[in-house]
1. Name the residue, out of Leu392, Leu368, Leu340, that is open to solvent by less than 10 Å² (accessible area, probe 1.4 Å) and within 12 Å of Val430 (Cα to Cα).
2. Just checking, does segment 175-184 include any residue being within 14 Å of Ile243 (Cβ to Cβ) and surrounded by 21 or more Cβ atoms within 10 Å (Cβ to Cβ)?
3. Hey, any hits in segment 372-383 for a residue that's part of a loop (DSSP other than H, G, I, E, B), under 14 Å from Gly216 (Cβ atoms) and either open to solvent by 20 Å² or more (accessible area, probe 1.4 Å) or out of contact with any His (no Cβ under 6 Å at 6 or more places or on another chain) (or both)?
4. One residue is enough: does segment 209-228 have a residue meeting the conditions outside any loop (DSSP other than H, G, I, E, B), of a type in the set (Gly, Ala, Ser) and more than 19 Å from Val330 (Cβ to Cβ)?
5. Which of the residues spanning segment 197-228 are surrounded by fewer than 18 Cβ atoms within 10 Å (Cβ to Cβ) and acidic (Asp, Glu)?
6. Just to be sure, is Glu367 part of a loop (DSSP other than H, G, I, E, B), touching a residue at least 24 places away in the same chain (Cβ under 8 Å) and within 22 Å of the chain's Cα centre (by Cα)?
7. One residue is enough: does segment 149-168 have a residue meeting the conditions more than 19 Å from Met248 (Cα to Cα), at pLDDT 85 or above, crowded, with 20+ Cβ neighbours inside 10 Å and among the polar types (S, T, N, Q)?
8. For Asp298, all conditions in the list (1) surrounded by fewer than 21 Cβ atoms within 10 Å (Cβ to Cβ); (2) in a helix (DSSP H, G or I) hold save one; what is the number of the exception?
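The values are calculated or read from the model by the stated rules, or taken from the named source; none is laboratory data. Everything numeric here is computed off the predicted structure, so don't read it as measured data. Don't worry about glycine lacking a Cβ; one is built from the backbone with ideal geometry, like all the others, and counts go over all protein chains shown. All accessible areas refer to the heavy atoms of the entire protein, side chains included, with ligands and DNA or RNA removed. Shrake-Rupley method; radii C 1.70, N 1.55, O 1.52, S 1.80 Å.
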Amino acid sequence: MGNRQSGRNEIERLDREYTLGTWTRQRDFDPTQIVDTDGPRIVTADGDSILDFSSQYVCTSLGYDAERVSDAVAEQIRTVPYVNPGWATEPRARLSEKLAEITPGSLKKTFYSTSGTEANEAAFKIARAYTGKHKILSRYRSYHGATAASLSASGDPRRVAQGPEIQPEVPGMVKGPDPYAYGSSLDPDESLEYIDEMLKLEGDTVAAVLVEPLVGSNGVLTPPDDYLPRLQEIAHDHGALLICDEVMTGFGRTGEWFASGLYDAEPDIITMAKGLTGSYQPLAATTVTEEIAEFFEDNLLNQGHTFAGHPTACAAGVAAIETYEQEGLVENAREMGQYLKSELESLAERHPSVGERRGVGLHQGLELTKSTDERVPFEQREDKVSSTTTVLDEVGARALDNGVYFYTSVNTIVVTPPLTITRDEVDEAVDALDDALEISDAAMDD
């Protein structure tokens with residue numbers, strides 16, 4: 001949507017002139033103004049109503065009409081809008097208790113921050129202090145945030161986009177393979193064996209293994225059912241913790257409260273954000289087991305933020321969890337996820353450019369291919385940080401013209417609607433995508 005200067009309204013012009021856009025060359029930064037929201041839809045200044053099938057950055061899980069959350073935020077602002085983290089507030093206490101109830105295993109105590117990347121940074125420091133070791137083993141196709149250590153732990157193309165002179169690597173980050181059978185020379189079993197061997201060769205230096213249970217923006221990579229418990233066992237065999245980054249997959253996205261619970265894994269540390277408040281307030285959390293929490297009774301937790309446990313954000317978190325529970329949204333994600341999966345599989349059968357459908361619940365993705373025999377991608381990883389318009393971009397643009405917004409990334413159409421979604425809205429989105437995929441079908445080499 002670049003270079004539409006003559007068509008910008010006043011707000012779009014001011015935003016373009018005075019705001020630095022994220023993850024982009026500023027010449028390509030040309031945002032469209034959103035003036036209203038309605039259920040799962042966003043409304044532009046031109047009056048276009050767009051069905052949001054990305055939940056923005058997989059975060060507006062409650063849609064845009066969660067009145068319980070809006071009311072809780074307004075009430076908290078009128079009473080105790082903010083105090084520093086040294087004071088107790090009811091929203092923080094209630095939210096911490098609730099997280100201990102809904103997270104898997106023996107996870108109990110929570111440290112709060114404002115974004116997923118900060119939650120992961122806190123997890124690194126906690127794991128290192130607890131184990132007395134330094135290295136973090138993550139995976140090549142992953143995203144854990146934009147701050148220095150989190151980006152260094154990521155296997156995302158954005159990690160290397162600017163080069164080491166501008167974005168130096170934080171020491172101690174080690175990368176291993178993913179359970180990505182479609183586009184890898186290793187199958188999931190071999191990837192686990194590889195990680196086991198890596199941990200042996202690294203010696204007793206790895207504090208934690210860090211994974212997204214289902215990879216998000218790097219392709220919606222979906223592991224076999226036994227992958228995560230086996231990975232946890234391997235980590236523990238080598239004296240390392242398992243950190244599950246559930247910033248995208250938490251709070252019902254997969255049809256369970258957390259994807260690690262879906263796979264019967266019990267992480268030592270879990271990080272979350274996004275769906276924690278449905279993005280009505282910026283809030284993130286790092287929750288640890290009772291055993292790890294006990295360690296810090298007599299050892300310094302050398303971590304803090306001005307806004308750690310911000311009472312207004314925590315009030316939004318409590319109200320969001322109540323909304324998930326009382327409106328049956330985790331169950332709806334499970335039910336609509338099954339329906340969405342079947343509709344996407346039908347799309348894949350009709351469109352030869354769809355190489356593979358992946359995902360669980362309302363965390364789905366379609367990987368496209370130029371050649372079904374050779375699995376040749378339309379989009380290379382480096383295209384994510386280039387100004388090149390790819391076939392995936394064109395498919396996404398056609399769907400948007402059809403009134404539905406999808407996020408595309410690393411040769412994958414990411415399909416992650418709000419948990420409030422209905423069958424009719426799934427049908428509307430699939431129809432828009434059905435038409436858009438004609439573009440990729442026509443661009444195939446076969």
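1. Of the residues listed, the single one that is open to solvent by less than 10 Å² (accessible area, probe 1.4 Å) and within 12 Å of Val430 (Cα to Cα) is Leu340.
2. Initial filter on segment 175-184 (within 14 Å of Ile243 (Cβ to Cβ)): 176.
Next, only the ones that are surrounded by 21 or more Cβ atoms within 10 Å (Cβ to Cβ) stay: 176.
So far as segment 175-184 goes, yes, one or more of its residues are within 14 Å of Ile243 (Cβ to Cβ) and surrounded by 21 or more Cβ atoms within 10 Å (Cβ to Cβ).
3. no
4. Of all residues in segment 209-228, those outside any loop (DSSP other than H, G, I, E, B) come to 209-211, 227-228.
Adding the requirement that they be of a type in the set (Gly, Ala, Ser) leaves none.
Scanning segment 209-228 turns up no residue that is outside any loop (DSSP other than H, G, I, E, B), of a type in the set (Gly, Ala, Ser) and more than 19 Å from Val330 (Cβ to Cβ).
5. Within segment 197-228, Glu197, Glu202, Asp204, Asp225, Asp226 qualify.
6. The answer is no for Glu367.
7. No; the residues of segment 149-168 include none that is more than 19 Å from Met248 (Cα to Cα), at pLDDT 85 or above, crowded, with 20+ Cβ neighbours inside 10 Å and among the polar types (S, T, N, Q).
8. (2)
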